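Readers should treat all values here as calculations from the given coordinates under stated rules, not as data from a laboratory. Since we're looking at a predicted model, the values are computed, not measured. Every residue, glycine as well, gets a Cβ built from its backbone with ideal geometry; the counts of neighbours run over all protein chains shown.
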Amino acid sequence: MTADFGTPTPWQIATVERVVVETYRARTFSLRLAEPRSFRAGQHYDVRLTAPDGYQAQRSYSIASPPPPDGSDAAGAGLADVIDLTVELIPDGEVSPYFHEVVQPGDALEVRGPIGGPFTWGSDLGGPLLLLAGGSGIVPLRSILAHRATAAPDSAALLLYSARTPADVIYRDWLDAQAQCAGKVAVRYAFTRRPPPLWDGYARRIDPPMLSDCIAALAHLDDAGRPPLCYACGPTGFVENAADALLSVGISETSIRTERFGPTS
Ligand SMILES: Cc1cc2nc3c(=O)[nH]c(=O)nc-3n(C[C@H](O)[C@H](O)[C@H](O)COP(=O)(O)OP(=O)(O)OC[C@H]3O[C@@H](n4cnc5c(N)ncnc54)[C@H](O)[C@@H]3O)c2cc1C
């Protein structure tokens, strides 16, 4: 079955295979799907929890893992039987605390997906890619970066990841390994609350001068020096600020794709 961008697929059961602690408030859940499906990097699944009294709560979680290597683009559909979802804890929330405090390997969850059309990337779209992550907005961008590594390794990519402090950075080791191994990938961090001692990187929220700087760095990585295709994901306020800043440095609206996870934080 290929990824359908219009109609959500029916609910199905997924079994939790593994739980990985990523940070003090982010965990990754590997889910084995009863009905494997193809997907595009950037898509998400809905998760539905049902209480014994029948009360239901439903939330969306982006797929962190890349599509299967044998094709996620329009032409060839590789079926993913396991997907990774990374959930950041919102302490007063309903669903994310359940993931953090209750969900264990072996548990069954009701899920539906993949869902999402505009905020996706495949090798058909090419590069260079400017990826802007705010907090847990890194999750779908991880899928895009990992997919790029196998599907279009010649496409340059720069990830600018805005996090409160270094302890809030999800997938830190993986991201730094990407930047070290893959010549065409750069990763930059912007710490908004507590940068590490002697930090000489960005220590503020994303703004136009920061983006101009990143776009110039990306142009060095891209042989053709083309304008970037931009993806911004995170809390609503982050995404709106990032999109405005991209427009203000001359990126066209048609080159900007956004995904909002929730309220400003
Ligand atoms: C397409 C899409 C993909 C998403 N992917 C992910 C993902 O990969 N990982 C992930 O952790 N979350 C993701 N989210 C957010 C997720 O769906 C939930 O909104 C989040 O987990 C909070 O749910 P909750 O039930 O714990 O909190 P709720 O009970 O919904 O909210 C509790 C309180 O927290 C506030 N709040 C809700 N969401 C957020 C937020 N994101 N940031 C700050 N405050 C918030 C609410 O306003 C409320 O005050 C995604 C959302 C969308 C729409």
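Defining a contact as two alpha carbons under 8 Å apart and six or more residues distant in sequence, what relative contact order in percent does region 12-115 show? Don't skip to the answer; put the middle values down first.
Working: 222 pairs, mean separation 40.1, N = 104.
Once divided by the residue count of region 12-115, the mean separation gives 39 percent.
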Environment charge of N241, counting only residues whose C-beta is closer than 10 Å and scoring Lys/Arg +1, Asp/Glu -1: -2
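State, as an integer percentage, the relative contact order of region 123-260 based on alpha-carbon contacts under 8 Å between residues 6 or more apart. Please list the in-between numbers first.
Details: 238 pairs, mean separation 40.4, N = 138.
Relative contact order comes out at 29 percent.
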Within the chain, helix-based [θ] at 222 nm, where runs of 4 or more DSSP H residues each add -39,500 (n - 2.57), nearest 500: -6500 deg cm²/dmol
Please report the spacing between the Cα centers of region 150-178 and region 4-56 in Å, no decimals. 23
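For K184, what charge total do you get from the other residues with a beta carbon under 10 Å from its beta carbon, if Lys and Arg give +1 and Asp and Glu give -1?
On the way: positive: R148; negative: D154, D222, D223.
With Lys, Arg at +1 and Asp, Glu at -1, the neighbours total -2.
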Which of the listed residues, G137, A186, L49, is farthest toward the dipole's positive end in the chain, when Lys, Arg count +1 and Asp, Glu count -1 at the beta-carbon? A186
Ranked highest first by the average count of other Cβ atoms within 10 Å around their residues, in what order do 96-107, 194-205 fall? 96-107, 194-205
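Work out, in µm²/s and without decimals, the Stokes-Einstein translational diffusion coefficient of the chain at 25 °C, 0.890 mPa s, Rh from Kirkwood over C-alpha pairs. Please list the in-between numbers first.
Numbers: Rh = 18.8 Å.
Answer from the Stokes-Einstein relation: 131 µm²/s.
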Between A203 and residues 5 or more places away or on another chain, the pairs with built amide H atoms under 5 Å apart involve F191
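Please list 133-139, 17-23 highest first by mean number of surrounding beta-carbon atoms within 10 Å per residue. Don't skip to the end; give the middle numbers.
Numbers: 133-139: 28.4, 17-23: 14.4.
With the highest mean Cβ count within 10 Å placed first, the list reads 133-139, 17-23.
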Two-decimal log10 I(q)/I(0) for region 123-260, as the Debye equation yields it once each C-alpha is a single scatterer, q = 0.14 Å⁻¹: -0.57
Using θ = phi - 60° and the Karplus relation 6.51 cos²θ - 1.76 cosθ + 1.60, list the HN-Hα couplings for region 96-109 in order, rounded to whole Hz, with x at every Gly or Pro. 5, x, 4, 4, 6, 9, 10, 5, 10, x, x, 5, 9, 10
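What percent does the relative contact order of the chain come to when contacts are Cα pairs within less than 8 Å and at least six residues apart?
Relative contact order comes out at 19 percent.
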Kindly express, to the nearest 10 degrees and within the range 0 to 90, the angle between helix 172-181's C-alpha long axis and the longest C-alpha principal axis of the chain. 50
